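The values are calculated or read from the model by the stated rules, or taken from the named source; none is laboratory data. Just so it is clear, the model here is predicted, and its values are computed rather than measured. When we count neighbours, we look across all protein chains shown, and the Cβ atoms used for this are built from the backbone with ideal geometry, even at glycine. What goes into the accessible areas is simple: the full protein's heavy atoms, side chains included, and nothing from ligands, DNA or RNA. Shrake-Rupley method; radii C 1.70, N 1.55, O 1.52, S 1.80 Å.
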Amino acid sequence: MSRRQIKTRAEDYSRWYQDVIAAADMAEHAPVRGCMIIKPWGYGIWERLQRELDDRFKETGHENAYFPLLVPKSLITKEEEHVEGFAPECAIVTHGGDKELEEPLYIRPTSEAIICSTYAKWINSWRDLPILINQWANVVRWEMRPRLFLRTLEFLWQEGHTAHETHDEAAEEVRRMLDVYADVAESVMAVPVIKGSKTASERFPGAIDTTCIEAMMQDGKALQAGTSHDLGQNFAKAYDIEFQGRDGEMQHAWSTSWGVSTRLIGAIIMTHGDDDGIVVPPMLAPQQAVVVPIFKGEEQAAEMCADAEAIVADLRAAGVRAKADTRDHLRPGAKFFEWEKKGVPVRVEYGARDKASGNAVIKRRDTGEKMIVPLTEVASTIAGLMTTIQAGMLAKARAWRDERTFVCDDYDDFKSRVGDGGFFHMRWCGEAACETRVKDDTKATIRCIPYEGDDDPGACTICGADATGIRPIFARAY
Ligand SMILES: [Zn+2]
């Protein structure tokens, strides 16, 4: 146990995860098991993440719209594979007011059904295409093993739904949005990811290709951080999205869907957190710097707090999100710990001695480094540090992942090591039987077949048959 009442990662990683969320005051469990109350510090991170994503969606030509939470049973059951995939985790409304409903209503587990059936009405001609729409919403999937942020019964997300004239255009859209996700993961969340395609057995129900970004958490487990699906014409056929083509013939549209959720906050915690709490990347921190004035007695308090507010004004003018912690019922040490647990990138300490010497003390959360800086340079130093810290966090996470990534040609070796975590690149023959065997033997799955990597031909590491193509990543996952 660390001094912050947080289990260390080495002691119990899963308990550490819960402890740091509580210590940072980000979220808590709700009365309904699996539901989550997102508190201001957690929601503030989500809001910034939303803005970064939303800006990029708009830059790539998308608009936001909103579709309803309740979906009639007759609609959701139209795409057979889709409903089969989601049925076990659907919540269904059977009563409205005090009357039993004639037709049960599904609470959306995802919105393909309602959106595709609406697109069928909007699309008549090739001139109506493409449709590029995103929705910010909540969805419900009945989750039996919930964990805050990572797996909750109700979660917040965005879901993009597009329809196109040709498969080429749809496939291009799928990759474009995967690239957007990878960019946000790396440049905003400082979480390195690998882009690739899922195998057939791990695909989104109803998709012809599911692409994903996969990240490695500090315990060596994989976390699927975002998915972008090529739905082919499956949903267009199920929901009658037909249009008159340039040749005058009626044809089905090609559709895509793509999404990321509040699970990304779990990825940030498990990529950057340490035994003292979470560490928030500067681009997502609701406050990037907190100034803590150190004072004794009321008279000194007024003076030091006024100075602290002046430092905050300088920081804001330099483009840094900052606040002064002027609370007088807490000792400075308690405030330091609190902001450390919340993962604020930089803390500024300012006491009587600093005032006399015209300096302030800056402490970085990511490295623990302390520096004494003249008051006139505090704002510019911290503004510069935001870029340094952001880049440093990504580099550290990438090095961590690369150290735990292995090329493996011996199945017994894999079996003995996969429990310690890590990404294992093994050759694979492409047969689902080998995937199943790995899962049964080790609980590991193919996380993705990366778009870039070794494609040295050879024997499938699992069964010995011929294996071609890029080596998939095998790992245990969240
Ligand atoms: Zn095989």
### Query
Taking the stated definitions as given, is Glu79 out of contact with any Ser or Thr (no Cβ under 7 Å at 6 or more places or on another chain) and open to solvent by less than 40 Å² (accessible area, probe 1.4 Å)?
yes
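Counting just the residues of the range 118-174 that are among the charged types (D, E, K, R) and assigned to a strand (DSSP E or B), which one comes out farthest from Gln224 (Cα to Cα)? Give the steps one after another, and end with the answer.
Step one: filter the range 118-174 for residues among the charged types (D, E, K, R), giving 121, 127-128, 141, 143, 145, 147, 151, 154, 159, 165, 168-169, 172-173.
Retained after the next criterion (residues that are assigned to a strand (DSSP E or B)): 147, 151, 154, 159.
Values: Arg147: 15, Arg151: 12, Glu154: 18, Glu159: 16 Å.
Selected residue: Glu154.
Output the residues belonging to the range 251-267 that are farther than 21 Å from Leu129 by Cβ and either touching a helix residue (DSSP H, G or I) at 6+ places or on another chain (Cβ under 7 Å) or polar (S, T, N, Q) (or both).
Residues satisfying the conditions are Val260, Ser261, Thr262, Leu264, Ile265.
Could you look through the range 462-478, keep only residues that are within 8 Å of the ligand (Cβ to nearest atom) and out of contact with any Gly (no Cβ under 8 Å at 6 or more places or on another chain), and pick out the one that is most open to solvent (accessible area, probe 1.4 Å)?
Cys463
Go through the range 432-458 and report how many residues are touching a helix residue (DSSP H, G or I) at 6+ places or on another chain (Cβ under 7 Å), within 11 Å of the ligand (Cβ to nearest atom) and among the charged types (D, E, K, R). First the steps, then the outcome.
Start the filter on the range 432-458 by keeping residues that are touching a helix residue (DSSP H, G or I) at 6+ places or on another chain (Cβ under 7 Å), which leaves 432, 435, 441-442, 444-446.
Restricting the remaining residues to those that are within 11 Å of the ligand (Cβ to nearest atom) gives 432, 435.
Of the ones still in play, those that are also among the charged types (D, E, K, R) are 435.
Of the residues in that region, 1 qualify.
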### Task
With the condition kept exactly as written, say whether any residue in the range 400-418 is in contact (Cβ under 8 Å) with a residue 60 or more places away in the chain, under 30 Å from Val373 (Cα atoms) and either surrounded by 13 or more Cβ atoms within 10 Å (Cβ to Cβ) or within 27 Å of the chain's Cα centre (by Cα) (or both).
no
### Summary
Within the range 419-439, residues being under 28 Å from the mean Cα position of the chain (by Cα) and acidic (Asp, Glu) number 2
### Message
Quick check on Val279: is it part of a strand (DSSP E or B) and of a type in the set (A, V, I, L, M)?
### Response
no
### Message
Any residue in the range 369-388 that is more than 19 Å from Glu309 (Cα to Cα) sitting within a Cβ distance under 7 Å of a residue that is open to solvent by 40 Å² or more (accessible area, probe 1.4 Å)? List the pairs, counting only those 6 or more apart or interchain.
### Response
Lys370/Lys363
### Query
Which members of the range 298-318 meet the condition of being open to solvent by less than 50 Å² (accessible area, probe 1.4 Å) and among the acidic types (Asp, Glu)?
Asp307
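Can you tell me which residue within the range 237-261, out of those that are part of a loop (DSSP other than H, G, I, E, B) and open to solvent by less than 10 Å² (accessible area, probe 1.4 Å), is nearest to Lys195 (Cα to Cα)?
Once the filter is applied, the top-ranked residue is Ala253.
Just to be sure before I move on: is Tyr119 at pLDDT 95 or above and in contact with a His (Cβ under 9 Å, 6 or more places away or on another chain) in the structure I sent?
On the way: at pLDDT 95 or above: yes; in contact with a His (Cβ under 9 Å, 6 or more places away or on another chain): yes.
Against the criterion (at pLDDT 95 or above and in contact with a His (Cβ under 9 Å, 6 or more places away or on another chain)), Tyr119 qualifies.
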### Task
Please state which of the following conditions Asp274 fails to meet, knowing it meets all the rest: (1) acidic (Asp, Glu); (2) buried (at least 18 other Cβ atoms within 10 Å of the Cβ); (3) at pLDDT below 95.
(3)
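With the range 14-86 as the region, which strands (runs of 3 or more DSSP E) entirely inside it contain at least 1 residues that are charged (D, E, K, R)?
On the way: elements: 27-29, 36-38, 70-72.
Passing ranges, in order: 27-29.
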### Message
Any residue that is assigned to a helix (DSSP H, G or I) and either in the same structural domain as Ala182 (by TED's automatic domain parsing) or small (Gly, Ala, Ser) (or both) - is there at least one of those in the range 91-105?
### Response
no
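I'd like the full set of residues that are within 19 Å of Tyr66 (Cα to Cα) and open to solvent by 20 Å² or more (accessible area, probe 1.4 Å), limited to the range 142-162.
Passing the criteria: Glu154, Phe155, Leu156, Trp157.
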### Message
Among the residues of the range 419-437, what is the count of those that are closer than 20 Å to Ala215 by Cβ and either assigned by TED's automatic domain parsing to the domain that holds Lys363 or surrounded by 14 or more Cβ atoms within 10 Å (Cβ to Cβ) (or both)?
### Response
6
### Query
Is the range 420-442 home to any residue that is in contact with a strand residue (DSSP E or B) (Cβ under 9 Å, 6 or more places away or on another chain), under 24 Å from Pro192 (Cβ atoms) and at pLDDT below 95?
no
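Here is a yes/no grid of residues against (1) among the basic types (Lys, Arg); (2) under 17 Å from the mean Cα position of the chain (by Cα); (3) within 18 Å of Ile265 (Cβ to Cβ):
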| site | (1), (2), (3) |
| --- | --- |
| Ala10 | no, no, no |
| Ser14 | no, no, yes |
| Tyr17 | no, yes, yes |
| Ala24 | no, no, yes |
| Pro31 | no, no, no |
| Gly34 | no, no, yes |
| Lys39 | yes, no, yes |
### Query
Has the range 195-204 got at least one residue that is open to solvent by 30 Å² or more (accessible area, probe 1.4 Å), in contact with a Gly (Cβ under 6 Å, 6 or more places away or on another chain) and in a loop (DSSP other than H, G, I, E, B)?
no
